[in-house]
Amino acid sequence: MKAALAVILAVLWLGSPARADTLRVGLVSFGTAAWEIDTLRRHGLDRDLGGTLESVALADPAAGEIALQAGGADAIVTDWLWVSRQRHAGRHIVFVPHSTALGEILVPAGSPLAGLKDLAGKHVGVAGGPLDKSWLLLRAYDPDTTGKIEVQFGAPPLLSQELAKGRLDAVLTFWPFAARLEAQGYRRLVSMTDVMNGLGFSPPVPMIGYAFSETWITAHADLARRFLAALDKADDLMRDEAEWARLKPLTGAADDAALPSLRQRFTAGLLPHPSDGADAAARLYTVLAQVGGAGLTGGAPAVAPGTFWRDAPP
């Protein structure tokens, strides 16, 4: 039902084409990109774009993918794996990396589990599905242990509830949910940054970023560059804990206790140095393809040419 509604919305959006010098960004309510755009606007950074920034409300990330392909949005937040697959299918989308933040494994504070090897034979909730990026990285890093885990896939809120009820021994969940769990007293067992380092990717490969319609970005390259520069300024502002007090209603945090953990994980995921990430992504693709197979890659042997926008600002 939700997917059908998303298709209907995308079709309706096509009836309202973007105006010249307008960037329509698809945003999921309570998503981290919405925090950045809110910060950007609140500090007036949108006034320097030389164009209009519009938000397109999305029910979920899948709705964003539909909207971008159907012309209902000019940009969304996603990963380069999805963009590469779309390009292999002939869809003209490009990617600009923005964050290295991925999932983490959390356990109850009193859990006897001390490391990844201890998860063998345990019940572990995994946010998303079998092709979740963090799960694929974990499988590539330690196939022996992950092959012995009793896995339960599900939505992050549901997995958090199952962990609280003692029905799961651990959860591998998205970083905002990990931050909220840590604020409730749960303990980090494994981070995907550690896993990437163990796989030989240091610093971690930026996985998450903005996917743009190639048609739009070709026609509005300057606006795209100014938008990305404004995002960087907003991210710098979000290093300040005072910003998070203001952002609290958007984060879904139950109380102030989660804000320091959210801020730490968000800022840790910001790109530490200018890099488009294409070379590291090409190497990581080979690793992930071995565990994700055709379900992840669509059978493509490598990252599609042109996946990473080469005109992004340094």
Practice item. Mind checking which lysines have their Cα closer than 25 Å to the Cα of Lys165? Skip sequence neighbours fewer than 8 apart in that chain. Key: Lys117, Lys122, Lys148
**Study point:** Percent RCO, i.e. relative contact order, over the stretch 104-198, from Cα pairs under 8 Å lying at least 6 residues apart
**Key:** 49
Check your understanding: In 10 Å bins starting at 0, how do the alpha-carbon pair distances of the stretch 104-198 split up by percent?
Key -> 17, 59, 23, 0
Study note, to complete from the structure: Given backbone amide H placed at 1.01 Å from N, residues whose amide H is under 5 Å from that of Arg91, ignoring those fewer than 5 places away on the same chain, are none
Study note, to complete from the structure: Taking His98, His92 and counting other beta carbon atoms within 10 angstrom, the fewest-first order is His92, His98
Practice item. Report the equivalent ellipsoid semi-axes for the chain in whole Å, largest first, defined as the square roots of five times the eigenvalues of the gyration tensor built from alpha carbon atoms. Key: 31, 23, 19
Check your understanding: Tell me, what ³J(HN,Hα) does each residue in the stretch 297-308 have, in order and in whole Hz, if you take phi through Karplus 6.51 cos²θ - 1.76 cosθ + 1.60 with θ = phi - 60° and put x for Gly and Pro?
Key -> 9, x, x, 6, x, 7, 4, 5, x, x, 4, 8
Check your understanding: Using θ = phi - 60° and the Karplus curve 6.51 cos²θ - 1.76 cosθ + 1.60, what whole-Hz ³J(HN,Hα) does each residue of the stretch 151-162 get, with Gly and Pro shown as x?
Key -> 9, 10, 7, x, 6, x, x, 5, 5, 4, 5, 5
Review point. Can you list residues whose amide H is under 5 Å from Leu270's amide H, if they're 5+ apart or on another chain and H is modeled 1.01 Å from N?
Key: Thr100
Practice item. Go through 162-174, 252-264 and give me the packing order, highest mean Cβ count within 10 Å leading. Key: 162-174, 252-264
**Study point:** Exposure proxy ranking, count of Cβ atoms within 10 Å, fewest first, for Asp236, Asp142
**Key:** Asp236, Asp142
Check your understanding: Ranked highest first by the average count of other Cβ atoms within 10 Å around their residues, in what order do 183-194, 147-158 fall?
Key -> 183-194, 147-158
Study note, to complete from the structure: For Lys233, the lysines lying under 22 Å Cα to Cα, once residues fewer than eight places off in the same chain are dropped, come out as Lys248
Review point. Taking only DSSP H segments of four or more residues, each worth -39500 (n - 2.57), what value at 222 nm results for the chain once the sum is divided by all its residues, to the nearest 500 deg cm²/dmol?
Key: -13500 deg cm²/dmol
Check your understanding: Hey, what do the phi angles of the stretch 283-294 turn into as Karplus ³J(HN,Hα) couplings, whole Hz, using 6.51/-1.76/1.60 and θ = phi - 60°, x for Gly and Pro?
Key -> 6, 5, 4, 4, 5, 5, 5, 5, 9, x, x, 5
Review point. What is the spin-label model distance, in nm, from Lys233 to Arg310 if the labels are put 7 Å beyond Cα along the C-beta direction?
Key: 2.9
Point to revise | Rel. contact order, % - alpha carbon contacts under 8 angstrom, at least six apart, the chain | key: 26
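Just so you know, all these numbers are worked out from the coordinates, no wet-lab data involved. Fair warning: this is a prediction, and the values are worked out from it, not measured in the lab. Note: ideal-geometry Cβ built from the backbone for every residue, glycine included; neighbour counts use all protein chains shown.
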